[in-house]
Amino acid sequence: MPDKYTSMTPDLYHYLVAQRSERDPVLAALATATEDLGPVSLMQVAPEQGAFITLLARAIGARSGVEVGTFTGYSALCLARGLADDGRLLCCDVNEEWTAIARRHWKQAGVAHKIDLRIAPALETLRALPETPQFDIAFIDADKTNYQYYYEEVLTRLRPNGLILFDNVLWMGEVLNDATTDPSTRALRELNQVLASDGRVETVMLPVSDGLTIVRKRRPGESD
Ligand SMILES: C[S@@+](CC[C@H](N)C(=O)[O-])C[C@H]1O[C@@H](n2cnc3c(N)ncnc32)[C@H](O)[C@@H]1O
(Lines give C-alpha, C1' and ligand atoms only; values in the text may rest on other atoms or scores of the structure.)
Protein backbone atom coordinates (compact mmCIF):
# COMPACT_ATOMS: atom_id res chain seq x y z
CA MET A 1 0.00 0.00 0.00
CA PRO A 2 1.47 3.43 -0.85
CA ASP A 3 2.17 5.80 2.06
CA LYS A 4 -0.85 8.00 2.66
CA TYR A 5 -0.49 11.04 4.90
CA THR A 6 -0.66 14.82 4.84
CA SER A 7 2.49 16.66 5.93
CA MET A 8 1.78 19.20 8.66
CA THR A 9 2.51 22.91 8.23
CA PRO A 10 1.83 25.68 10.78
CA ASP A 11 -1.13 26.95 8.72
CA LEU A 12 -2.61 23.51 8.33
CA TYR A 13 -2.11 22.86 12.05
CA HIS A 14 -3.93 26.08 13.03
CA TYR A 15 -6.74 25.16 10.65
CA LEU A 16 -6.99 21.70 12.20
CA VAL A 17 -7.03 23.06 15.77
CA ALA A 18 -9.87 25.42 14.86
CA GLN A 19 -12.06 22.59 13.50
CA ARG A 20 -13.11 21.19 16.87
CA SER A 21 -16.39 21.72 18.67
CA GLU A 22 -14.93 22.23 22.15
CA ARG A 23 -15.05 25.90 23.19
CA ASP A 24 -14.50 25.92 26.92
CA PRO A 25 -13.62 29.28 28.52
CA VAL A 26 -12.09 27.54 31.56
CA LEU A 27 -9.79 25.48 29.34
CA ALA A 28 -8.77 28.67 27.52
CA ALA A 29 -8.09 30.43 30.85
CA LEU A 30 -6.08 27.43 32.06
CA ALA A 31 -4.00 27.47 28.86
CA THR A 32 -3.25 31.17 29.46
CA ALA A 33 -2.37 30.64 33.13
CA THR A 34 -0.04 27.81 32.08
CA GLU A 35 1.62 29.93 29.38
CA ASP A 36 2.44 32.46 32.10
CA LEU A 37 4.75 29.82 33.64
CA GLY A 38 7.12 30.17 30.65
CA PRO A 39 8.73 27.43 28.51
CA VAL A 40 7.59 24.68 30.89
CA SER A 41 4.07 25.30 29.53
CA LEU A 42 5.05 23.18 26.52
CA MET A 43 4.34 20.16 28.74
CA GLN A 44 0.61 20.84 28.43
CA VAL A 45 -1.28 18.69 25.92
CA ALA A 46 -2.33 20.34 22.66
CA PRO A 47 -5.93 21.62 22.41
CA GLU A 48 -7.02 19.09 19.76
CA GLN A 49 -5.47 16.35 21.88
CA GLY A 50 -7.50 17.47 24.87
CA ALA A 51 -10.67 17.51 22.77
CA PHE A 52 -9.83 14.01 21.51
CA ILE A 53 -9.39 12.72 25.08
CA THR A 54 -12.81 14.10 26.06
CA LEU A 55 -14.43 12.58 22.97
CA LEU A 56 -12.86 9.16 23.56
CA ALA A 57 -13.90 9.08 27.22
CA ARG A 58 -17.48 9.98 26.25
CA ALA A 59 -17.55 7.53 23.34
CA ILE A 60 -16.70 4.57 25.57
CA GLY A 61 -19.03 5.77 28.36
CA ALA A 62 -16.12 5.95 30.79
CA ARG A 63 -16.97 6.33 34.48
CA SER A 64 -13.56 5.84 36.04
CA GLY A 65 -10.21 7.20 34.87
CA VAL A 66 -6.62 7.61 35.96
CA GLU A 67 -4.04 10.15 34.86
CA VAL A 68 -0.29 9.86 35.39
CA GLY A 69 1.23 13.35 35.01
CA THR A 70 -1.23 16.17 35.72
CA PHE A 71 0.89 19.38 35.66
CA THR A 72 -1.57 22.34 35.62
CA GLY A 73 -4.54 20.10 34.95
CA TYR A 74 -5.48 20.63 31.27
CA SER A 75 -5.67 16.98 30.19
CA ALA A 76 -7.28 16.07 33.53
CA LEU A 77 -10.00 18.66 32.93
CA CYS A 78 -10.57 17.22 29.43
CA LEU A 79 -10.72 13.70 30.84
CA ALA A 80 -13.01 14.67 33.73
CA ARG A 81 -15.39 16.42 31.33
CA GLY A 82 -15.63 13.21 29.29
CA LEU A 83 -16.53 11.03 32.28
CA ALA A 84 -20.09 10.34 33.36
CA ASP A 85 -21.58 12.85 35.84
CA ASP A 86 -20.86 10.50 38.72
CA GLY A 87 -17.46 9.55 37.25
CA ARG A 88 -14.17 9.56 39.17
CA LEU A 89 -10.68 10.52 38.01
CA LEU A 90 -7.54 9.68 39.97
CA CYS A 91 -4.71 12.12 39.16
CA CYS A 92 -1.06 11.43 40.00
CA ASP A 93 1.64 14.09 40.19
CA VAL A 94 4.54 15.11 42.42
CA ASN A 95 4.37 18.87 42.06
CA GLU A 96 2.25 20.95 44.50
CA GLU A 97 2.82 24.29 42.75
CA TRP A 98 1.63 23.23 39.29
CA THR A 99 -1.28 21.20 40.59
CA ALA A 100 -2.50 24.16 42.67
CA ILE A 101 -3.24 25.84 39.32
CA ALA A 102 -5.05 22.66 38.28
CA ARG A 103 -7.21 22.60 41.41
CA ARG A 104 -8.30 26.23 40.91
CA HIS A 105 -9.42 25.61 37.34
CA TRP A 106 -11.12 22.28 38.10
CA LYS A 107 -13.20 24.13 40.69
CA GLN A 108 -14.12 26.86 38.18
CA ALA A 109 -15.05 24.21 35.61
CA GLY A 110 -17.29 22.38 38.10
CA VAL A 111 -15.38 19.08 37.88
CA ALA A 112 -13.42 19.23 41.14
CA HIS A 113 -15.83 16.79 42.81
CA LYS A 114 -14.86 14.12 40.25
CA ILE A 115 -11.09 14.38 40.80
CA ASP A 116 -8.90 12.77 43.45
CA LEU A 117 -5.39 14.27 43.13
CA ARG A 118 -2.58 12.36 44.86
CA ILE A 119 0.75 14.10 45.32
CA ALA A 120 3.31 11.28 45.37
CA PRO A 121 5.43 9.35 42.87
CA ALA A 122 2.83 7.83 40.57
CA LEU A 123 4.19 4.30 40.90
CA GLU A 124 3.58 4.43 44.65
CA THR A 125 0.03 5.68 44.13
CA LEU A 126 -0.75 3.04 41.50
CA ARG A 127 0.81 0.13 43.42
CA ALA A 128 -1.23 1.02 46.51
CA LEU A 129 -4.49 0.46 44.58
CA PRO A 130 -6.26 -2.93 44.64
CA GLU A 131 -5.10 -5.15 41.75
CA THR A 132 -8.60 -5.41 40.32
CA PRO A 133 -10.00 -3.95 37.08
CA GLN A 134 -11.41 -0.54 38.06
CA PHE A 135 -10.50 1.96 35.31
CA ASP A 136 -12.17 2.52 31.94
CA ILE A 137 -9.58 4.98 30.62
CA ALA A 138 -6.05 6.08 31.48
CA PHE A 139 -3.80 8.88 30.26
CA ILE A 140 -0.05 8.52 30.76
CA ASP A 141 2.00 11.71 30.42
CA ALA A 142 4.73 11.82 33.09
CA ASP A 143 8.40 10.74 33.32
CA LYS A 144 9.13 8.68 30.19
CA THR A 145 11.55 6.24 31.85
CA ASN A 146 8.68 4.91 33.96
CA TYR A 147 6.12 4.55 31.14
CA GLN A 148 6.52 0.75 30.97
CA TYR A 149 6.02 0.42 34.72
CA TYR A 150 2.95 2.66 34.55
CA TYR A 151 1.68 0.50 31.69
CA GLU A 152 1.86 -2.71 33.71
CA GLU A 153 0.27 -1.20 36.82
CA VAL A 154 -2.52 0.46 34.85
CA LEU A 155 -3.19 -2.53 32.56
CA THR A 156 -3.72 -4.78 35.60
CA ARG A 157 -6.35 -2.31 36.84
CA LEU A 158 -7.99 -1.61 33.49
CA ARG A 159 -11.35 -3.14 32.58
CA PRO A 160 -11.51 -5.26 29.39
CA ASN A 161 -12.17 -2.91 26.44
CA GLY A 162 -10.72 -0.04 28.49
CA LEU A 163 -8.26 2.38 26.87
CA ILE A 164 -4.78 3.58 27.82
CA LEU A 165 -3.42 6.68 26.04
CA PHE A 166 0.33 7.36 25.99
CA ASP A 167 1.57 10.84 25.12
CA ASN A 168 4.88 11.81 23.46
CA VAL A 169 5.48 8.46 21.79
CA LEU A 170 7.21 10.16 18.82
CA TRP A 171 9.38 12.31 21.14
CA MET A 172 9.74 15.04 18.51
CA GLY A 173 10.99 12.41 16.07
CA GLU A 174 13.91 11.33 18.26
CA VAL A 175 12.61 7.75 18.48
CA LEU A 176 13.96 7.35 14.92
CA ASN A 177 17.29 9.09 15.52
CA ASP A 178 19.84 6.39 16.38
CA ALA A 179 22.29 9.04 17.57
CA THR A 180 19.92 9.95 20.43
CA THR A 181 20.46 7.52 23.29
CA ASP A 182 19.31 9.35 26.43
CA PRO A 183 17.20 7.32 28.91
CA SER A 184 13.85 8.93 27.95
CA THR A 185 14.32 8.29 24.24
CA ARG A 186 15.44 4.71 24.84
CA ALA A 187 12.48 4.11 27.16
CA LEU A 188 10.01 5.39 24.57
CA ARG A 189 11.54 3.28 21.77
CA GLU A 190 11.31 0.20 23.97
CA LEU A 191 7.75 1.00 25.04
CA ASN A 192 6.65 1.44 21.42
CA GLN A 193 8.05 -2.00 20.54
CA VAL A 194 6.48 -3.63 23.59
CA LEU A 195 3.03 -2.17 22.93
CA ALA A 196 3.03 -3.12 19.24
CA SER A 197 3.75 -6.78 20.06
CA ASP A 198 1.77 -7.26 23.30
CA GLY A 199 -1.02 -9.79 22.71
CA ARG A 200 -2.97 -8.52 25.73
CA VAL A 201 -3.87 -5.33 23.89
CA GLU A 202 -4.82 -3.84 20.54
CA THR A 203 -2.63 -0.82 19.72
CA VAL A 204 -2.52 2.10 17.32
CA MET A 205 -0.06 5.01 17.24
CA LEU A 206 -1.42 8.27 15.84
CA PRO A 207 0.37 11.48 14.77
CA VAL A 208 -1.57 13.60 17.25
CA SER A 209 0.69 16.35 18.62
CA ASP A 210 3.94 14.61 19.75
CA GLY A 211 2.51 11.17 19.01
CA LEU A 212 -0.33 9.46 20.86
CA THR A 213 -0.64 5.70 21.26
CA ILE A 214 -4.04 4.24 22.08
CA VAL A 215 -4.14 0.82 23.63
CA ARG A 216 -7.32 -1.22 24.15
CA LYS A 217 -7.28 -4.09 26.63
CA ARG A 218 -8.61 -7.22 24.97
CA ARG A 219 -11.52 -9.13 26.49
CA PRO A 220 -10.67 -12.56 27.97
CA GLY A 221 -10.43 -15.12 25.17
CA GLU A 222 -10.54 -12.47 22.47
CA SER A 223 -8.38 -12.99 19.40
CA ASP A 224 -7.64 -10.81 16.36
C1 LIG B 1 4.15 16.52 30.62
S2 LIG B 1 3.61 17.01 32.21
C3 LIG B 1 1.90 16.54 32.20
C4 LIG B 1 1.07 17.46 31.36
C5 LIG B 1 -0.42 17.30 31.58
N6 LIG B 1 -0.89 16.02 31.15
C7 LIG B 1 -1.19 18.42 30.88
O8 LIG B 1 -1.89 18.18 29.93
O9 LIG B 1 -1.06 19.56 31.31
C10 LIG B 1 4.36 15.80 33.23
C11 LIG B 1 3.98 15.84 34.69
O12 LIG B 1 4.45 14.63 35.29
C13 LIG B 1 4.81 14.89 36.61
N14 LIG B 1 5.71 13.82 37.06
C15 LIG B 1 7.01 13.62 36.71
N16 LIG B 1 7.49 12.52 37.33
C17 LIG B 1 6.47 12.01 38.06
C18 LIG B 1 6.34 10.88 38.92
N19 LIG B 1 7.35 10.05 39.12
N20 LIG B 1 5.16 10.66 39.51
C21 LIG B 1 4.10 11.52 39.29
N22 LIG B 1 4.17 12.58 38.49
C23 LIG B 1 5.35 12.83 37.88
C24 LIG B 1 5.45 16.28 36.57
O25 LIG B 1 5.40 16.89 37.84
C26 LIG B 1 4.59 16.98 35.51
O27 LIG B 1 3.57 17.74 36.11
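The values are calculated or read from the model by the stated rules, or taken from the named source; none is laboratory data. Computed from a prediction, not measured in an experiment: that's the story for all the values here. Cβ atoms come from the backbone with ideal geometry, glycine included; neighbour counts cover every protein chain shown. These area figures cover heavy atoms from the full protein model, side chains too; ligands, DNA and RNA do not enter into them. Shrake-Rupley method; radii C 1.70, N 1.55, O 1.52, S 1.80 Å.
Quick notes
- Dividing the mean sequence gap of close Cα pairs (under 8 Å, 6+ apart) by how many residues the chain holds gives a relative contact order of 15 percent.
- Alpha carbon centroid spacing (whole Å) that separates the stretch 1-57 from the stretch 113-160: 24 Å
- Dipole moment magnitude, nearest 20 debye, the chain about Cα centre, only Lys, Arg, Asp, Glu C-beta charged: 760 debye
- Residue-wise HN-Hα coupling along the stretch 175-191, computed from phi with Karplus coefficients 6.51, -1.76, 1.60 (Hz; x: Gly, Pro): 4, 9, 9, 4, 6, 8, 10, 5, x, 5, 5, 5, 5, 5, 4, 5, 4
- Residue 59 paired with residue 161, simple spin-label distance in nm, labels 7 Å along Cα-to-beta-carbon: 1.5 nm
- Quick note on the chain: its Rg to Rh ratio, both from C-alpha atoms and Rh being the Kirkwood radius, is 0.95.
- 5 angstrom amide H check on residue 158, placed H, neighbours 5+ away: 134, 135
- The 3J(HN,Hα) values that the Karplus relation (6.51, -1.76, 1.60; θ = phi - 60°) gives for the stretch 38-44 are, in residue order, x, x, 4, 4, 4, 6, 5 Hz. Gly and Pro appear as x.
- 222 nm mean residue ellipticity, helices alone, for the chain (DSSP H n ≥ 4; -39,500 (n - 2.57); rounded to 500): -11500 deg cm²/dmol
- For the stretch 1-66, trypsin sites (Lys or Arg not before Pro) meeting the loop criterion (DSSP other than H, G, I, E, B) and having at most 10 other Cβ atoms within 10 Å: 4, 23.
- Of the solvent-accessible surface of the stretch 84-224, computed with a 1.4 Å probe and all protein chains present, 52% belongs to carbon and sulfur.
- Computed on the Cα trace of the stretch 53-154, the radius of gyration divided by the Kirkwood hydrodynamic radius gives Rg/Rh = 0.94.
- Take the Cα of residue 40, step 7 Å toward its Cβ, do the same at residue 148, and the gap between the two points is 2.9 nm.
- Estimated vicinal HN-Hα couplings, Hz - the stretch 145-151 in sequence order (Karplus 6.51, -1.76, 1.60; Gly, Pro = x): 5, 9, 3, 5, 6, 4, 4
- Percent of Cα pairs exceeding the 14 Å cut-off, where the set is the stretch 133-177: 51 percent
- Accessible area expressed per residue, the chain, with surrounding protein chains retained (probe 1.4 Å, Å²): 52 Å²
- Residue among 155, 123, 12 with the largest mean-square fluctuation in a Gaussian network model of the chain, springs linking Cα atoms under 10 Å: 12
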